[in-house]
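Below you'll find the structure, written out as structure tokens, and then a few comments.
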Amino acid sequence: MRTWLLLLLLGVLGFTWWASRPEPSAISTTQTPGKDVQDYSLNGLALRQFDIQGQLSHRLLAEDMQHYRGSGLTRIQTPEYILYEQGSPVWTVNAARGELSSDQTLLKLFGKTTLEREADDMHPAMRLETADLRIYPHKEYAETDEPVTVTSEQNWIKSTGMQAWFKSPTRILFPAQARAHYVAQ
Amino acid sequence: LPSDKDAPVEIEADSADIDGATNTTTYRGKVRISQGSMELKADKVVITFKGRKPHILTATGTPAKFRQKPEQDKGWVTGQGRTIVYRINSEELVLTGNAVLTQNDDSFRSDRIVYDRVKARLKAGAAAQGSERVKVIIHPQDTP
């Protein structure tokens, strides 16, 4: 009889332990260590930045934007980045996707990326096509390791990689395999 | 060739540098330039723009070299110098620094040579430093 009673007691204990065990699936949905959680998102982003004199210096537009709590990254769809400088042509940069670092010092643009500068008295309009561009807004500087094609009227330059200093007077360095075509007359 | 000056300028180099401050583009490293029959090789070439068109090419090398066909049925004209300045519209090439210009077997050496590509005519001497030394070697034509 006592054996039977002992077995009954073990069974009740076992059942009680099993029933009180937290559900494993509940753990994974609430918190997975290391997963960067999106904390907010925006549609139709329009970010404007002004210089010390109150002049508009940068604009960042995007269709959609998601911000992530863990990394502080901001992911952007179809970003358009516009650079203004008093008395100088405007630069407009477009890309498929972008990523703004948490401290906003680095804007990475992915996929096909175009940079366009308006014409001015001295220079014709210029268009640069590349991919995976890294822009440092506070330095008004950009660089890529990807192939680049620059067109300006009927002239063009092709190269691998580029470094561009947007602030006037603009300077653009093509570090490798430069080829150019100029229409003389 | 007479048509050279209307041909596009094609360039290959290790690197290129567009400088808005000086309105120039500088090509560096094994620079090769061609325009029609004209070919130029140099270590560095600076293109100065006038308005929006390429205006002057300044090539430097050890030495910078060029060659060109004045006419379809004529021999190549070749030249070299530490510097070659090529004015795209005026068809003039100025070679300085141990400049040598050669056509067929005739050669001219001077500190400065100005070569007019259209008229295939040259003016030697009157160097930047004022030395007027010119050395001319002309091989008489073989009389039949």
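Quick note: the coordinates plus some simple rules give every number you see, no bench work behind them. Since this is a predicted model, take the numbers as computed values, not measurements. When we count neighbours, we look across all protein chains shown, and the Cβ atoms used for this are built from the backbone with ideal geometry, even at glycine.
Full extension of the chain segment joining B:Lys123 with B:Lys50 gains 23.7 nm, where the gain is 0.36 nm per residue of separation less the Cα-Cα distance.
Look at the stretch A:166-178: the mean tally of other chain Cβ atoms within 10 Å of its residues' Cβ atoms is 5. Please average, across the residues of B:25-36, the number of beta carbons from any other chain that are within 10 Å of each residue's own beta carbon, and give a whole number. For this peptide, the per-residue mean of nearby foreign Cβ atoms is 2.
Taken as Cα centroids, the range A:60-96 and the range A:97-174 sit 13 Å apart, rounded to the nearest whole angstrom. In a fully extended conformation the segment linking A:Leu42 and A:Asp120 would gain 24.5 nm over its present Cα-Cα distance, using 0.36 nm per residue.
Label sites at B:Ala21 and A:Gln104, each approximated as a point 7 angstrom past Cα along Cα to Cβ, lie 3.0 nm apart. The convex hull drawn around the Cα atoms of the range B:18-71, when projected onto a plane and averaged over every direction, covers 4.2 nm². Just want to confirm a number: the relative contact order over chain B, from Cα pairs under 8 angstrom separated by 6+ residues, in percent. Relative contact order for chain B comes out at 14 percent. Distance between the pseudo-spin-label points of A:Arg59 and A:Thr149 (7 Å out from Cα toward the beta carbon): 2.8 nm. Computed over chain B, the quotient of the alpha carbon radius of gyration and 2.2 N^0.38 Å is 1.07.
For the range A:36-181, the Kirkwood estimate of the hydrodynamic radius, built from every pair of different alpha carbons, is 15.9 Å. A dipole drawn for the range A:133-185 from +1 and -1 charges on Cβ atoms has a positive end, and of A:Gly161, A:Thr151, A:Pro175 the residue lying farthest that way is A:Pro175. For the pair B:Ser34 and B:Asp106, a Förster radius of 22 Å applied to the C-beta separation gives a FRET efficiency near 0.35, rounded to the nearest 0.05. Partner lysines whose Cα lies under 18 Å from the Cα of A:Lys167, excluding those fewer than 8 positions away in the same chain, are identified as A:Lys139. Projecting the Cα atoms of A:Ile52, A:Gly70, A:Pro89 onto the charge dipole of the range A:36-181, computed from C-beta unit charges around the Cα centre, puts A:Gly70 farthest toward the positive end.
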